[in-house]
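Student: Sharing a structure here in structure tokens format.
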Amino acid sequence: MQEVFASLLRAPHSLRNVTSAVGWLYRATTHFCLNQVRNGRTGTRLLQDAVPLAGAAECPGEVLAELRSVLSQLPADVAAASVYYHLDGMTHAEVAELLGCSRRKVGYLLERAQQSLARLEQIA
């Protein structure tokens, strides 16, 4: 959280055209976390210390590790839409508000996630 608020201090203008400060915080936190997983420098530590993903508390560690691995291979907007919709249980409208896009684009992002998952299953 400290990094998210520090980013706001570095770039306060990023809130100028925002309709919801809570939405901005949610989006900024999600992007920061996805970048941390992607960069690989702290991947191992994140997997060991991470709080289980929402809706997945009863999943074994191997499933969570695989889920994180798959999400790290997706573009940030596709991964974020997938997490918000499938794990957080948000509606397309709620996801669209958080991502700052249309509901149609949310559907498109979720479709891209399904296509990417199908390709990854073919490879495995």
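Student: Only one of Asn35, Asn39 is at pLDDT below 80 and within 11 Å of the chain's Cα centre (by Cα). Can you tell me which?
Tutor: That would be Asn35, the only listed residue that is at pLDDT below 80 and within 11 Å of the chain's Cα centre (by Cα).
Student: Anything in region 9-27 that is surrounded by fewer than 15 Cβ atoms within 10 Å (Cβ to Cβ) and closer than 17 Å to Leu98 by Cβ? List them, or say none.
Tutor: As a first pass, look at region 9-27 and keep what is surrounded by fewer than 15 Cβ atoms within 10 Å (Cβ to Cβ): 9-22.
Within region 9-27, Ser14, Leu15, Asn17, Val18, Thr19, Ser20, Ala21, Val22 meet the criteria.
Student: While we're here: Would you mind finding the one in Gln73, Gln48 that is open to solvent by 40 Å² or more (accessible area, probe 1.4 Å), more than 11 Å from the chain's Cα centre (by Cα) and modelled with pLDDT of 80 or more?
Tutor: Of the residues listed, the single one that is open to solvent by 40 Å² or more (accessible area, probe 1.4 Å), more than 11 Å from the chain's Cα centre (by Cα) and modelled with pLDDT of 80 or more is Gln73.
Student: Any idea which residue in region 62-103 is nearest to Ser116 (Cα to Cα), counting only those that are in contact (Cβ under 8 Å) with a residue 60 or more places away in the chain and assigned to a helix (DSSP H, G or I)?
Tutor: By that ranking, first place goes to Leu99.
Student: Now for a different question. Checking Tyr108 against (1) touching a residue at least 24 places away in the same chain (Cβ under 8 Å); (2) surrounded by fewer than 18 Cβ atoms within 10 Å (Cβ to Cβ); (3) among the aromatic types (Phe, Trp, Tyr), which single condition isn't satisfied?
Tutor: With (1) touching a residue at least 24 places away in the same chain (Cβ under 8 Å); (2) surrounded by fewer than 18 Cβ atoms within 10 Å (Cβ to Cβ); (3) among the aromatic types (Phe, Trp, Tyr) applied to Tyr108, the lone miss is (1).
Student: Please state which one of Leu87, Leu117 is under 19 Å from Ala28 (Cβ atoms), out of contact with any strand residue (DSSP E or B) (no Cβ under 8 Å at 6 or more places or on another chain) and loosely packed, with under 15 Cβ neighbours inside 10 Å.
Tutor: Within the list Leu87, Leu117, the selection yields Leu87.
Student: When you look at Ala54, is it within 14 Å of the chain's Cα centre (by Cα) and modelled with pLDDT of 85 or more, yes or no?
Tutor: no
Student: So, in region 1-29, how many residues would count as being in a helix (DSSP H, G or I) and touching a residue at least 60 places away in the same chain (Cβ under 8 Å)? Explain how you work it out, then say what you get.
Tutor: Quick first cut of region 1-29, residues in a helix (DSSP H, G or I) only: 2-10, 12-15, 21-29.
Filter once more, so that each one left must be touching a residue at least 60 places away in the same chain (Cβ under 8 Å): 23, 26-27.
Total satisfying the criteria: 3.
The values are calculated or read from the model by the stated rules, or taken from the named source; none is laboratory data. Source: prediction; values computed, not measured. No Cβ is skipped: glycine too gets one built from the backbone with ideal geometry, and neighbour counts run over all protein chains shown. The accessibility values were calculated without ligands, DNA or RNA, using every heavy atom of the protein model including side chains. Shrake-Rupley method; radii C 1.70, N 1.55, O 1.52, S 1.80 Å.
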